[in-house]
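Enquirer: The structure follows.
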Amino acid sequence: MSQKTLPLSHSGMAALADTLPTPFHLYDEEAIRQQIRAFKEAFSWVPDFKNYYAVKACPNPAIIKIMAEEGFGADCSSYPELLLARDAGMRGEDIMFTSNDTPASEYVAAKELDAVINLDDITHIDFLNEVAGFPELISFRYNPGSGRTGNAIIGNPVEAKYGVREDQLIECYRKAQEKGATRFGLHTMVASNELEGSYIVETARMLFTKALEIHQNTGIIVEFVNLGGGIGIPYSLDQEAMDLEAVSRDIRALYERMIVPSALAGLNIVFECGRMVTGPFGYLVSRVLHVTSKYKEYVGLDASMANLMRPALYGAYHHITVVNKEEAVKDHVYDVTGSLCENNDKFAIDRTLPSIEEGDVVVIHDTGAHGHAMGFNYNSKLRSAEYLLKSDGEVQMIRRAETIDDLFATLKF
Ligand SMILES: Cc1ncc(COP(=O)(O)O)c(C=O)c1O
């Protein structure tokens, strides 16, 4: 069982919603910092443990700066994400560039920043060499194909557009060596929003095995394995957060058996998690515009799937708290909707909640990753502001809300 609490008292949250235009996303800085420290602590036995925070999860400079201050790196998948990492003060091997179908200009930018480039395909070896020159340090994204089942969310690896095939992997390292690489990493990403710790342990086993195979076949010493992102969070009350200590203990046992006695002793382990770092510490704060009765009962918010797409996109559960009604009996069943002209613009379907009235403040939980970031402008909706509840209690705007001028800016040329 997980608990869903607000980062402020109910009256504090109501007062904030009275002061700031709703909807907005609010991120809890102190809770994010604590989570980062717990992650680092769990893996403190690893020679140079690092999580490259997946910038795509919450691409806001204030959030990326927290990562930099706490000693995390950045996992970037595009040029703007590289700029966000650079502007947060990250340099060189603080940045990992994992992209696919990559344009030349983005490889050039990643190379100029001395980021760790993680190639998605065997053909990208020549491509990178031609467009940017080959770096000393290179990594490959491994797709295990039928050797591994992806979890439910990420799907079957055989169907995935990502990564180097099993039978191409050794060849990739040989070719990279021919191009002049002298330092190597190995990466995979086979899970998304996974709560079962053994899945991550098996991913470590798989990469340790592959790194050893690469050494046996080529003599190459892989310096690090990147277990990818994908550690899940308990979106619903009946789920529990992954026990990072237990996962770390099991990975350590494998490491001591497989890696320590081998030529790869000293191998580093890194991750590129986004969701578990910031997800639980973000809140979409909105206000009820209308309560209506059709063939079902509806609560219409001033937020919509333009602010948070996960429920509409994946049918994802996001917990909902009605502010100042924590003691009220939950005896109403509602669909909680936004205003888009799409019937899947629903934050919740058949959700049991207290009786809701126009003007109530409704908080949608766990929006700190893949929340605002996935926003869009369909129906000419404007994306909301983002605020940071700072460790000292101040609430700081870290992104302003879009205006109509922003929306029309690209029509003026
Ligand atoms: C390559 C890669 N790394 C890391 C992540 C971050 O995943 P999560 O935020 O679930 O940890 C993603 C998510 O899409 C990804 O595609």
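The values are calculated or read from the model by the stated rules, or taken from the named source; none is laboratory data. Note that the coordinates shown come from a computational prediction; the quantities given were computed from them, not determined experimentally. Don't worry about glycine lacking a Cβ; one is built from the backbone with ideal geometry, like all the others, and counts go over all protein chains shown.
Enquirer: Being of a type in the set (Asp, Glu), assigned by TED's automatic domain parsing to the domain that holds Glu194, assigned to a loop (DSSP other than H, G, I, E, B) and touching a helix residue (DSSP H, G or I) at 6+ places or on another chain (Cβ under 9 Å) is the requirement here; does Asp121 meet it?
Expert: Criteria met by Asp121.
Enquirer: Is at least one residue of the stretch 206-221 more than 16 Å from the ligand (Cβ to nearest atom), outside any helix (DSSP H, G or I) and in contact with a strand residue (DSSP E or B) (Cβ under 8 Å, 6 or more places away or on another chain)?
Expert: Yes: one or more hits.
Rundown of residues vs (1) out of contact with any strand residue (DSSP E or B) (no Cβ under 8 Å at 6 or more places or on another chain); (2) at pLDDT 95 or above; (3) under 28 Å from Leu84 (Cα atoms), yes/no style:
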| site | (1), (2), (3) |
| --- | --- |
| Val108 | yes, yes, yes |
| Asn118 | no, yes, yes |
| Asn151 | no, no, no |
| Lys161 | yes, no, yes |
| Arg174 | yes, yes, no |
| Gly180 | yes, yes, no |
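Enquirer: Would you point out which residue out of Glu272, Glu245, Glu297 is without any contact (Cβ under 8 Å) to a residue 60 or more places away in the chain and among the acidic types (Asp, Glu)?
Expert: Step by step, each of Glu272, Glu245, Glu297 is checked, and only Glu297 is without any contact (Cβ under 8 Å) to a residue 60 or more places away in the chain and among the acidic types (Asp, Glu).
Enquirer: On to the next question. Could you list, in sequence order, all residues of the stretch 158-195 that are within 16 Å of the ligand (Cβ to nearest atom), in a loop (DSSP other than H, G, I, E, B) and small (Gly, Ala, Ser)?
Expert: Hits for the stretch 158-195 are Ala160, Gly163, Ala191, Ser192.
Enquirer: Taking the condition outside any loop (DSSP other than H, G, I, E, B), under 24 Å from Asp94 (Cβ atoms) and under 21 Å from the mean Cα position of the chain (by Cα), does Ser198 pass?
Expert: Judged against the criteria, Ser198 is not a match.
Enquirer: Among the residues of the stretch 114-147, which ones are buried (at least 18 other Cβ atoms within 10 Å of the Cβ) and either of a type in the set (Ser, Thr, Tyr) or within 22 Å of the chain's Cα centre (by Cα) (or both)?
Expert: Ala115, Val116, Ile117, Asn118, Leu119, Asp120, Ser139, Phe140, Arg141, Tyr142, Asn143, Pro144
Enquirer: Kindly indicate which of Asp331, Asp350 is more than 29 Å from Gly232 (Cβ to Cβ) and in contact with a strand residue (DSSP E or B) (Cβ under 8 Å, 6 or more places away or on another chain).
Expert: Asp331
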